1. When you scan region 284-305, do you find a residue that is at positive phi, surrounded by 23 or more Cβ atoms within 10 Å (Cβ to Cβ) and either away from ligand 2 (no atom under 16 Å from the Cβ) or not in a helix (DSSP H, G or I) (or both), even just one?
2. Out of 91, 127, 174, 156, I need the residue that is within 26 Å of residue 53 (Cα to Cα) and of a type in the set (A, V, I, L, M). Which one?
3. List every residue pair whose Cβ atoms sit under 7 Å apart, with the two residues 6 or more apart in sequence or on different chains, where the first one lies in region 289-317 and is under 13 Å from residue 353 (Cβ atoms) and the second, anywhere, is more than 16 Å from ligand 1 (Cβ to nearest atom) and of a type in the set (Phe, Trp, Tyr).
4. Which residues, taken from region 349-373, are surrounded by fewer than 17 Cβ atoms within 10 Å (Cβ to Cβ) and under 19 Å from residue 299 (Cβ atoms)?
5. Sort out which residues of region 430-474 are polar (S, T, N, Q), closer than 20 Å to residue 408 by Cβ and surrounded by 16 or more Cβ atoms within 10 Å (Cβ to Cβ), and write them in order of number.
6. Please verify whether residue 74 is in contact with a helix residue (DSSP H, G or I) (Cβ under 6 Å, 6 or more places away or on another chain), small (Gly, Ala, Ser) and more than 25 Å from residue 197 (Cα to Cα), treating the condition exactly as stated.
7. Can you work out which of the residues in region 170-210 that are within 11 Å of ligand 2 (Cβ to nearest atom) and crowded, with 23+ Cβ neighbours inside 10 Å is farthest from residue 250 (Cα to Cα)?
8. Taking residue 139 and the conditions (1) polar (S, T, N, Q); (2) farther than 22 Å from residue 86 by Cβ; (3) within 27 Å of the chain's Cα centre (by Cα), which numbered condition does it fall short on, given that it satisfies the others?
Amino acid sequence: QWDPNFSTGRHSMVHLFEWKWVDIALECERFLGPNGFGGVQVSPPNENAIITSPFRPWWERYQPVSYHLVTRSGNESEFTDMVRRCNAAGVRIYVDAIINHMTGNSVQGAGTDGSSFDASAKSYPAVPYGPTDFNDATTCPTQSGSIEDYQDPIQVRNCQLSGLLDLNQGKDYVRQKLADYLNKLIGLGVAGFRIDASKHMWPADMKAILDKLDNLSVQHGFTANARPFVVQEVIDLGNEAITGSEYFGNGRVTEFRYGMNLGEVFRKVNNQKLSFIKNYGEGWGMYAGNTSLAFIDNHDNQRGHGAGGANILTFRVAKLYKMAQAFMLAWPYALTRVMSSYYWDQNMEGGSDKNDWIGPPNQDGNTLPVTIFPNGTCGNGWMCEHRWRQISNMVKFRNVVEGTTMTNWWDNTENQIAFSRGNKGFLAINNEDRALSATIATGLPAGQYCDVISGNKEGSSCTGKTITVSADGSVNLSISNTEEDPMVAIHADAKL
Ligand code: LAG
Ligand code: CA
């Protein structure tokens with residue numbers, strides 16, 4: 001299903017990576033709800049392996065032990081309370097569902113809920129799964145049991161990804177266990193799923209699992225017969241045997257080229273220029289917007305995992321990052337997801353980060369709370385990009401301009417661009433090494449507007465720049481390249 005089931009007037013989601021459920025509940029009530037966010041992608045809520053070497057990496061949560069809802073983000077009652085409170089605040093919850101595999105193939109011990117498991121015996125009694133529930137030499141054609149050739153779809157689906165024990169979703173028993181887990185979450189009020197490692201499951205098996213899912217919970221405010229939202233994580237850069245389009249029938253697909261190409265454009269690598277993105281999206285060979293999820297970075301590629309490479313923009317290059325986020329949120333393409341990260345010290349050696357495993361801010365493995373400073377930024381190592389004014393105000397912009405098309409494209413043939421969204425909104429970006437100075441059509445009614453990049457509209461005044469749209473709908477813009485944020489955004493709800 002492609003529709004995120006947002007409540008009315010909301011059009012973007014945020015990934016609160018590694019946040020605790022108690023903090024997400026608070027964030028829905030104090031920030032996300034009031035600021036027009038539609039939903040939250042949460043970290044995997046099911047029991048995972050406890051990895052101690054390295055110490056409690058973020059990626060231990062991608063090694064399931066059972067479907068008990070106990071992790072370092074919280075327990076089942078905290079999860080239940082979070083979903084209820086977020087729904088009440090108008091914010092949906094989407095679960096990162098790890099259903100391709102269980103733990104690494106040689107780990108054993110106890111998971112985050114104390115359940116024992118032994119990967120070498122393919123034994124997960126708390127589900128329970130046993131040896132016959134996994135792919136083996138009869139289904140995976142490689143000697144090693146691992147994926148060796150990404151041009152062979154059978155290997156990619158039936159062999160082990162990164163040495164993770166690969167479930168056989170061809171078996172009805174496995175399908176039912178997975179569906180039971182997802183249905184439990186639906187019963188608690190979640191609105192849908194990000195399906196991890198979707199490329200590594202057969203689209204028909206995925207469909208068989210999704211067909212077993214219940215409708216969304218009417219008690220939690222969903223309309224009758226609403227189906228769970230699905231975004232399938234498929235890394236498809238166009239050079240493998242498997243394409244994301246094989247999965248469109250099941251739901252949306254992650255569009256990894258979106259953030260990768262946009263990173264190159266804003267960094268001006270390979271002679272890329274902002275003026276080239278006037279047909280960004282389908283015009284660049286990406287998936288149709290109504291079947292895709294767009295994002296600038298995700299939890300993998302912001303630390304060199306997954307796909308996208310070194311040009312991915314993250315909070316570390318804040319100026320470019322905010323410009324790219326503003327473009328994405330203003331641009332009429334796809335469903336948009338904003339990343340919200342925690343800080344870690346990088347240790348780059350030979351182009352890769354030796355610290356790419358570091359888990360969330362913690363004390364002895366217990367995740368620290370997200371604290372909020374009086375100015376609205378976050379403490380304890382939480383980056384909270386979604387709270388950066390330039391980003392949260394563009395989430396609001398996207399809500400305001402929903403339903404309009406892109407009009408009045410303007411560029412200087414290089415790295416200065418501007419465009420409107422019908423008569424509702426206007427964005428200009430200067431990524432040049434010199435000032436932008438031009439008179440540009442905005443499509444907006446004449447009047448004074450608050451620039452939501454440099455400030456907020458408070459009452460009838462603006463804490464940032466005031467922008468005047470003249471009688472003919474044009475604006476006389478001058479944006480210095482040395483500004484903290486060399487861009488301007490105005491919209492109908494920011495009229496003074
Ligand atoms: C994903 N999408 O398809 C996730 O977005 C990604 O974060 C997951 O990998 C991956 N699929 C499997 O769910 C992450 C880390 C891996 C990590 C894995 C399992 O990127 O580095 O593998 O989670 O924890 C780790 C080690 C490997 C080892 C493996 C098994 O890094 O060296 O082979 O565990 O022991
Ligand atoms: Ca698989």
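1. No, there is no match, as no residue in region 284-305 is at positive phi, surrounded by 23 or more Cβ atoms within 10 Å (Cβ to Cβ) and either away from ligand 2 (no atom under 16 Å from the Cβ) or not in a helix (DSSP H, G or I) (or both).
2. Exactly one residue qualifies, and that residue is 127.
3. 314/321
4. 352, 353, 354, 355, 365, 368, listed by residue number.
5. Correct list: 430, 431, 442, 474.
6. When the stated conditions are applied, residue 74 does not pass them.
7. If we take residues in region 170-210 being within 11 Å of ligand 2 (Cβ to nearest atom) and crowded, with 23+ Cβ neighbours inside 10 Å, then 200 is farthest from residue 250 (Cα to Cα).
8. So the condition that residue 139 fails would be (3).
The values are calculated or read from the model by the stated rules, or taken from the named source; none is laboratory data. Bear in mind that the values here come from a model prediction, so they are computed numbers and not experimental data. Here Cβ is always computed from backbone atoms with ideal geometry, including for glycine, and neighbour counts include all displayed protein chains.
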